[in-house]
Amino acid sequence: MIVDSLSNAKTYYGISEPIKKALQYLETHDLRAMEPGRYEIDGDALFINVGSEYNPKSADEGIWEAHRAYIDIQYVIEGCEYMGYADIETLSTAEEYNQDTDTTLFEGKGDRILVTEGDFIVFFPQDGHMPGIRACINQKSRKAIIKVKIS
């Protein structure tokens, strides 16, 4: 897992060319002006889902998840939220891997990280995550998720 401000994105360009492209996309596009939806950067290998405004949920409503086929880069466009993090080895499988959604659901405990406007988190396959947890009372959030296919 990586968590940082987009202003430091260049630090992570060397990880892989697709991650570099993803971070450059975030740096060069006005996500606030984009309509919610899916935008292809490199077909199914690299795309972004720009979300609409939402109310983050309580931690009790959160669900642990992880992905096998894609790396998630979650970027907060507006607002703030906590994102839970735990190595999947420390969680219990609640629902087996669904290839159609590229998701395994888990139960268990982990840490929370406060992510604010302009921050991004990179979740790799071993990173269980619980996004969208309320950090600020009555504050709406908006984020984008870039999916980076694992080769």
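FYI, it's all coordinate maths here, none of it is from the lab. Everything numeric here is computed off the predicted structure, so don't read it as measured data. No Cβ is skipped: glycine too gets one built from the backbone with ideal geometry, and neighbour counts run over all protein chains shown.
Here are some notes:
- Added length on full extension, which subtracts the Cα-Cα distance from 0.36 nm per residue, Tyr13 to Arg68: 17.6 nm
- Choice from Ile137, Ile48, Ile121 with maximal GNM fluctuation in the chain (Cα, 10 Å cutoff): Ile137
- Pairs of Lys residues in the chain that lie 8 or more places apart, or on two chains, and have C-alpha atoms under 15 angstrom apart add up to 8.
- Dipole magnitude (debye, nearest 20) for the range 1-86, charges at Cβ of Lys, Arg, Asp, Glu: 260
- Taking other C-beta atoms within 10 angstrom as a stand-in for reagent exposure, Tyr25, Tyr39 fall in the order Tyr39, Tyr25, fewest first.
- Student exercise, the chain dipole from Lys, Arg, Asp, Glu Cβ charges, in Debye to nearest 20: 380
- Percentage of interatomic Cα-Cα distances in the range 1-84 larger than 23 Å: 27
- Among the listed options (i) 35; (ii) 29; (iii) 24, the one matching percent of Cα pairs over 24 Å apart as calculated from these coordinates is (ii).
- Shape analysis of the range 38-97 places it in the oblate category; the axes a ≥ b ≥ c from the Cα gyration tensor give an a/c of at least 1.5, with a/b not above b/c.
- Taking other Cβ atoms within 10 Å as a rough exposure proxy, His129, His67, His29 sort from fewest to most as His29, His67, His129.
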